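Novice: Below are the structure tokens for one structure; questions will follow.
The values are calculated or read from the model by the stated rules, or taken from the named source; none is laboratory data. Since the structure is predicted, the reported quantities are computational estimates derived from the model, not experimental observations. We place every Cβ from the backbone using ideal geometry, glycine too, and count neighbours over all the protein chains shown. Just the protein is used for accessible areas: all its heavy atoms, side chains included, with ligands, DNA and RNA removed. Shrake-Rupley method; radii C 1.70, N 1.55, O 1.52, S 1.80 Å.
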Amino acid sequence: MKKILFALLALSLIACTKVEPEKLPEPEAADYTGTVTVMFQGEPFDNEGINVNFTPSEDGKTAEITIYKIRFVPQMPVTIDVTIPKINLQSTSEGIILSCEEVIPLAMGGEYPRYKVTELKGKVAGKELTFSLNFGDYPTSFKGQAD
């Protein structure tokens with residue numbers, strides 16, 4: 001009889017144990033420094049020491065990324081700042097997943113449809129931001145660390 005009572009007591013304690021749901025990371029604004037690589041004429045063109053700002057929306061469902069002082073090709077005489085709006089965010093146990101099928105980037109004071117962003121995929125994990133996308137016909141990627 002004692003064994004049955006102890007077994008019931010143990011089961012009731014287990015049943016009362018609260019299982020905490022896994023806490024997923026929340027997107028936070030941050031500045032990153034890293035390398036932007038643009039594929040140009042079949043060769044990678046690296047822009048090192050590039051600053052990138054990641055700014056999530058208030059509800060944490062979308063974000064925008066601004067890439068500062070970027071050149072898309074070696075012959076480009078000036079650098080420009082480019083903002084990619086409307087990036088979808090999803091929190092997972094591995095980090096914040098970034099995605100966007102298609103959006104018009106902002107540069108030089110307005111929309112820049114010539115370099116439409118397509119197939120953006122990326123992740124914020126810890127202090128690292130990585131993403132890849134196409135700027136028009138130019139496959140582009142970034143990998144950097146939070147400042």
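Novice: What does the accessible area per residue of the chain come to in Å², with a 1.4 Å probe and no ligands, DNA or RNA counted?
Specialist: Values: 9600 Å² over 147 residues.
Spelled out: the 1.4 Å probe surface of the chain, per residue, equals 65 Å².
Novice: Something else now. Binning at 10 Å from 0, report for the stretch 72-147 what percent of all alpha-carbon pair distances ends up in each bin.
Specialist: 18, 47, 29, 5, 0
Novice: Sticking with this one: Of all the accessible heavy-atom surface of the chain, with the other protein chains kept in place and a 1.4 Å probe, what percent is carbon and sulfur?
Specialist: Summing carbon and sulfur atoms, their accessible area is 54 percent of the total for the chain.
Novice: With only alpha-carbon atoms in the gyration tensor, what are the semi-axes of the equivalent ellipsoid for the chain, in Å, largest first?
Specialist: The equivalent ellipsoid of the chain has semi-axes of 46, 15, 13 Å.
Novice: For D147, what accessible area in Å² do you get when you roll a 1.4 Å probe over the heavy atoms of the protein chains, rounding to the nearest 10?
Specialist: Using a 1.4 Å probe on the heavy atoms, I get roughly 120 Å².
Novice: D46 to I80: extension gain in nm, 0.36 nm per residue of separation minus the Cα-Cα distance?
Specialist: Between D46 and I80, full extension yields 10.7 nm more.
Novice: Continuing with this model, one more query. Run lengths n ≥ 4 of DSSP H only: what is the helix-derived mean residue ellipticity at 222 nm for the chain, with -39500 (n - 2.57) per run over all residues, to the nearest 500?
Specialist: -3500 deg cm²/dmol
Novice: If you keep only loop residues by DSSP, which trypsin sites (Lys or Arg not before Pro) in the stretch 21-82 have at most 15 other Cβ atoms within 10 Å of their Cβ? Present the calculation step by step, with values, prior to reporting the outcome.
Specialist: Working: sites: K23, K61, K69, R71; in loops: K23, K61, R71.
Hits after loop and neighbour filter: K23, K61.
Novice: Next question. Past 19 Å, Cα to Cα, is the threshold; run K86/K121; K23/K143; K86/K123; K23/K123; K61/K116 against it and keep the listed order.
Specialist: Numbers: K86/K121 13 Å; K23/K143 25 Å; K86/K123 15 Å; K23/K123 17 Å; K61/K116 22 Å.
Going by Cα-Cα distance, K23/K143; K61/K116 fall outside the 19 Å limit.
Novice: So what's the gap between the Cα centers of the stretch 21-79 and the stretch 90-147, to the nearest angstrom?
Specialist: 6 Å
Novice: Also, quick follow-up: Restricting attention to the stretch 85-136, which trypsin sites (Lys or Arg not before Pro) occupy a DSSP loop and are surrounded by at most 16 other Cβ atoms within 10 Å?
Specialist: Working: sites: K86, R114, K116, K121, K123, K127; in loops: K116, K127.
Of the trypsin sites (Lys or Arg not before Pro), the ones in loops of the stretch 85-136 whose Cβ has at most 16 other Cβ atoms within 10 Å are K116, K127.
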